[in-house]
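Visitor: First, the structure itself, so that you have it in front of you.
The values are calculated or read from the model by the stated rules, or taken from the named source; none is laboratory data. Keep in mind that what you see is a predicted model, and the values were worked out from it rather than measured. Every residue, glycine as well, gets a Cβ built from its backbone with ideal geometry; the counts of neighbours run over all protein chains shown. The accessibility values were calculated without ligands, DNA or RNA, using every heavy atom of the protein model including side chains. Shrake-Rupley method; radii C 1.70, N 1.55, O 1.52, S 1.80 Å.
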Amino acid sequence: MEILADRPDLAKVDVGGVRRAVNIGLLDEGEAGPGDWVLIHVGFALSKIDEAEARAALDFLTSIGQAYDDEIAALRDSMIEQG
């Protein structure tokens, strides 16, 4: 995660290998930073979570198979920037 210098309410995050800008305005200032895990819903970081919780969520999403694969494909298709 990288906080954007010109937009401190936005952070660049990696979701399943797709880099996206996510609004972090709902988090307390300084609550999350590079290397932290956040729970994201519709482009907003809702809360900071620990790595174990993040891994459990990712494992669950991966276990549902095609629905997860379709969601990641749609996310990649909607990617704003490469890199």
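Visitor: Keeping all protein chains in position, work out how much accessible area Asp14 exposes to a 1.4 Å probe, and write it in Å² to the nearest 10.
Guide: So the heavy atoms of Asp14 present about 100 Å² to solvent.
Visitor: Can you pull out the GluC sites (Glu not before Pro) in the chain that DSSP calls coil and that have at most 13 other Cβ atoms within 10 Å? Let's see the in-between values first.
Guide: Values: sites: Glu2, Glu29, Glu31, Glu51, Glu53, Glu71, Glu81; in loops: Glu29, Glu31, Glu81.
For GluC sites (Glu not before Pro) across the chain that sit outside H, G, I, E and B with at most 13 neighbouring Cβ atoms in 10 Å, the list reads Glu29, Glu31, Glu81.
Visitor: Where does helix 66-77 land angle-wise versus the long Cα axis of the chain, in degrees 0 to 90, nearest 10?
Guide: Helix 66-77 sits roughly 50 degrees off the main axis of the chain.
Visitor: Mind checking the dipole of the chain: about its Cα centre, +1 per Lys or Arg Cβ, -1 per Asp or Glu Cβ, Debye to the nearest 20? Display every interim value, and only then the final one.
Guide: Numbers: 7 positive and 17 negative charges, 38 e Å.
Around 180 debye, computed over the chain.
Visitor: Give the relative contact order (percent, whole number) for the chain; include only Cα pairs under 8 Å separated by 6+ residues. Could the numbers behind the result be given before it?
Guide: Details: 104 pairs, mean separation 19.3, N = 83.
Here the relative contact order equals 23 percent.
Visitor: Local charge sum around Tyr68 (other residues, Cβ-Cβ under 14 Å, Lys/Arg +1, Asp/Glu -1)? If you can, show how the numbers build up before the last one.
Guide: On the way: positive: Arg76; negative: Asp59, Asp69, Asp70, Glu71.
Taking every other residue near Tyr68 into account, the sum is -3.
Visitor: If you line up the long axis of helix 51-63 against the longest principal axis of the chain, both from Cα atoms, how many degrees apart are they, to the nearest 10?
Guide: Relative to the chain, helix 51-63 is tipped by roughly 30 degrees.
Visitor: Another question, then. Among Gly17, Gly43, Ile3, which residue has its Cα furthest toward the positive end of the charge dipole of region 1-56, with +1 on Lys/Arg Cβ and -1 on Asp/Glu Cβ?
Guide: It is Gly17.
Visitor: A further question follows. Run through every distinct alpha carbon pair of the chain and return the Kirkwood hydrodynamic radius in angstroms, one decimal place.
Guide: Details: mean 1/r = 0.0747 Å⁻¹.
Value: 13.4 Å, from the Cα pair sum.
Visitor: With every protein chain left in place, what is the accessible area per residue of the chain in square angstrom, probe 1.4 Å?
Guide: Values: 5740 Å² over 83 residues.
With all protein chains present, the chain gives 69 Å² per residue.
Visitor: In addition: Net charge within 15 Å of Ile3 by Cβ-Cβ distance, Lys/Arg positive one each and Asp/Glu negative one each, not counting Ile3 itself?
Guide: On the way: positive: Arg7, Lys12, Arg19, Arg20, Lys48; negative: Glu2, Asp6, Asp9, Asp14, Asp28, Glu29, Glu31, Asp36.
My count for the surroundings of Ile3 gives -3.
Visitor: Sum up the charges of everything whose Cβ sits under 13 Å from the Cβ of Ala54, counting Lys and Arg as +1 and Asp and Glu as -1, but leave Ala54 out. Display every interim value, and only then the final one.
Guide: On the way: positive: Lys48, Arg55; negative: Asp14, Asp36, Asp50, Glu51, Glu53, Asp59.
Net charge around Ala54: -4.
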